[in-house]
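Below is one structure, written out as structure tokens; the observations come after it.
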Amino acid sequence: MPLPAWVPIREELRDDEPYGAPQLDVPVQLNTNENPYGPGPGVVADIARAVGDAAAKLNRYPDREAWELRKALAKYLGHDLTADRVWAANGSNEIMQQVLQAFAGPGRTAMSFAPTYSMYPEYARNTHTRWVSGQREEDFTVDVDRAVEQVKAEQPDVVLLTSPNNPTGTALPLDTVRAIVEAAPGIVVVDEAYAEFRRDGTPSALELLDEFPRLLVTRTMSKAFALAGGRLGYVAADAAIIDALRIVRLPYHLSTVSQAAATAALRHEDELLAQVDALRVTRDETATWLREQGFEVAESDANFILFGRFDDRHAIWQGLLDHGVLIREVGPLEWLRVSIGTPDEMHAFRKALLEVTR
Ligand code: PMP
């Protein structure tokens, strides 16, 4: 629905739609890469207790610096990180927006390599940043020489790399990240929203932080930690980079309730992450099954799979929805993305897919 002409919105926003996948109430929801396993009763009780304690203090503003939470996040990440090298916000979405507010903006350029997370150009639009898109290869990997050439040509102030990439699931080798950081004149962010799901032997860019002060690694509690509703994203970087982000953050951006819930959840790291291995197994089984049925499948280090190819992917998406299975119509035109759910949910997906495509 276009906005009425009298609404004095910025002209470049006038024809845009709010971002987001359809939120439909169907039995099998495999469209937003959530963790299908909710927190267990022990975790729920601890979060409830922590939020209850926080409620008694809601007359006061939150800890602006979220120290307790940042300490817990630094401990979780390891790599000798300390709280002054970690920053938290309302989802990694907010982190990324703060990154562009601090390091991009009018007269500056941000770039990424498509197909990738479709929110990136929107952060650029919102912060009046010039947006440039490089291209991934046919198999969705990033060709290091081509990427370095493009970075040198465009001189971006911020490069956003996604590993594992959404919607393709592709992880980046550290040599690629290293080469891009060395070629880039400014900030390089590796968005590791799905890092916990990566296959054995796939590295994390956290390993490179000490080598490159202009490197940032973002993570989220929305996926592996099963805390999408808690809205907690974070970033690890040099302490001076964190100080730069603190300049653009809104005062008291992270509520006392959010801080309490996330800090309590982190006390149950082992239990919350226990389902990650199960999800990785289900992902690999799903990929094998899809290949056996003759579908093309992108290699995935994440909790979702991009598969194809379809002449009319919308018809397949709609057919699945008619069977009560919601997946995501996203990425390259002939492909669809399915999030990894429970074995029962994946059974429903497989059954529906066969019925729709055969
Ligand atoms: N980065 C990537 C690559 C994502 O796929 C997502 C969520 N879909 C996000 C960041 C944002 O996650 P959140 O704001 O929930 O932390």
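For the stretch 113-121, check the following and say yes or no: at least one residue is of a type outside the set (D, E, K, R), more than 17 Å from the chain's Cα centre (by Cα) and not in a strand (DSSP E or B).
No, the stretch 113-121 contains no residue that is of a type outside the set (D, E, K, R), more than 17 Å from the chain's Cα centre (by Cα) and not in a strand (DSSP E or B).
Conditions tested, residue by residue: (1) outside the structural domain of Gly78 (by TED's automatic domain parsing); (2) of a type outside the set (S, T, N, Q); (3) free of Cβ contacts under 8 Å to residues at least 12 places away in the same chain.
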site: Ala226; (1), (2), (3): no, yes, no
site: Gly229; (1), (2), (3): no, yes, yes
site: Ile241; (1), (2), (3): no, yes, no
site: Ile247; (1), (2), (3): no, yes, no
site: Gln259; (1), (2), (3): no, no, no
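Before we move on, is Pro185 surrounded by 22 or more Cβ atoms within 10 Å (Cβ to Cβ) and either over 20 Å from the mean Cα position of the chain (by Cα) or on the phi > 0 side of the Ramachandran plot (or both)?
Spelling it out, it is not the case that Pro185 is surrounded by 22 or more Cβ atoms within 10 Å (Cβ to Cβ) and either over 20 Å from the mean Cα position of the chain (by Cα) or on the phi > 0 side of the Ramachandran plot (or both).
Within the stretch 101-135, count every residue that is in contact with a strand residue (DSSP E or B) (Cβ under 6 Å, 6 or more places away or on another chain), within 19 Å of Ala193 (Cα to Cα) and not small (Gly, Ala, Ser).
Summing the residues that are in contact with a strand residue (DSSP E or B) (Cβ under 6 Å, 6 or more places away or on another chain), within 19 Å of Ala193 (Cα to Cα) and not small (Gly, Ala, Ser) in the stretch 101-135 gives 6.
Looking only at the stretch 1-43, count how many residues are free of Cβ contacts under 8 Å to residues at least 60 places away in the same chain and open to solvent by 100 Å² or more (accessible area, probe 1.4 Å).
11
Rundown of residues vs (1) buried (at least 22 other Cβ atoms within 10 Å of the Cβ); (2) more than 13 Å from the ligand (Cβ to nearest atom), yes/no style:
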position: Gly201; (1), (2): no, yes
position: Leu208; (1), (2): no, yes
position: Leu215; (1), (2): yes, yes
position: Thr218; (1), (2): yes, no
position: Arg231; (1), (2): no, no
position: Ala239; (1), (2): no, yes
position: Ser255; (1), (2): no, yes
position: Ala262; (1), (2): yes, no
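Condition test on Thr162, is it touching a residue at least 60 places away in the same chain (Cβ under 8 Å), among the polar types (S, T, N, Q) and within 16 Å of the ligand (Cβ to nearest atom)?
no
How many residues are out of contact with any Ser or Thr (no Cβ under 9 Å at 6 or more places or on another chain) and closer than 27 Å to Leu279 by Cβ when one looks only at the stretch 222-258?
5
With the structure loaded, tell me whether Leu320 is buried (at least 18 other Cβ atoms within 10 Å of the Cβ), over 24 Å from the mean Cα position of the chain (by Cα) and over 30 Å from Ala50 (Cα atoms) or whether it fails that test.
Answer is yes for this residue.
Of all residues in the stretch 304-334, how many are in contact with a strand residue (DSSP E or B) (Cβ under 8 Å, 6 or more places away or on another chain), outside any strand (DSSP E or B) and among the small types (Gly, Ala, Ser)?
The total comes to 2.
Yes/no matrix, rows are residues, columns are (1) free of Cβ contacts under 8 Å to residues at least 24 places away in the same chain; (2) within 16 Å of the ligand (Cβ to nearest atom):
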{"residue": "Ala45", "(1), (2)": "yes, no"}
{"residue": "Ala54", "(1), (2)": "no, no"}
{"residue": "Asn59", "(1), (2)": "yes, no"}
{"residue": "Ala66", "(1), (2)": "no, yes"}
{"residue": "Ala74", "(1), (2)": "no, no"}
{"residue": "Asp84", "(1), (2)": "no, no"}
{"residue": "Ala89", "(1), (2)": "no, yes"}
{"residue": "Met96", "(1), (2)": "no, yes"}
{"residue": "Leu100", "(1), (2)": "no, yes"}
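Given the criterion among the aliphatic types (A, V, I, L, M) and closer than 16 Å to Thr342 by Cα, identify the matching residue among Ala244, Ala287, Ala298.
Ala287
Within the stretch 130-157, how many residues turn out to be on the phi < 0 side of the Ramachandran plot and either assigned to a loop (DSSP other than H, G, I, E, B) or within 17 Å of the chain's Cα centre (by Cα) (or both)?
Count: 9.
Could you identify the single residue in Ala88, Ala110, Ala124 that is open to solvent by less than 20 Å² (accessible area, probe 1.4 Å), at pLDDT 95 or above, in a helix (DSSP H, G or I) and among the small types (Gly, Ala, Ser)?
Answer to the selection: Ala124.
Examine the stretch 132-141 for a residue that is within 19 Å of Gly233 (Cα to Cα), among the aromatic types (Phe, Trp, Tyr) and either in the same structural domain as Val330 (by TED's automatic domain parsing) or in contact (Cβ under 8 Å) with a residue 40 or more places away in the chain (or both), and state whether such a residue exists.
Within the stretch 132-141, not a single residue is within 19 Å of Gly233 (Cα to Cα), among the aromatic types (Phe, Trp, Tyr) and either in the same structural domain as Val330 (by TED's automatic domain parsing) or in contact (Cβ under 8 Å) with a residue 40 or more places away in the chain (or both).
The values are calculated or read from the model by the stated rules, or taken from the named source; none is laboratory data. Computed from a predicted model, the values in this text were never measured in an experiment. Methodologically, a virtual Cβ is constructed for each residue, glycine included, from the backbone with ideal geometry; neighbour enumeration extends over all protein chains shown. Side chains included, ligands, DNA and RNA excluded: accessible areas come from the protein's heavy atoms. Shrake-Rupley method; radii C 1.70, N 1.55, O 1.52, S 1.80 Å.
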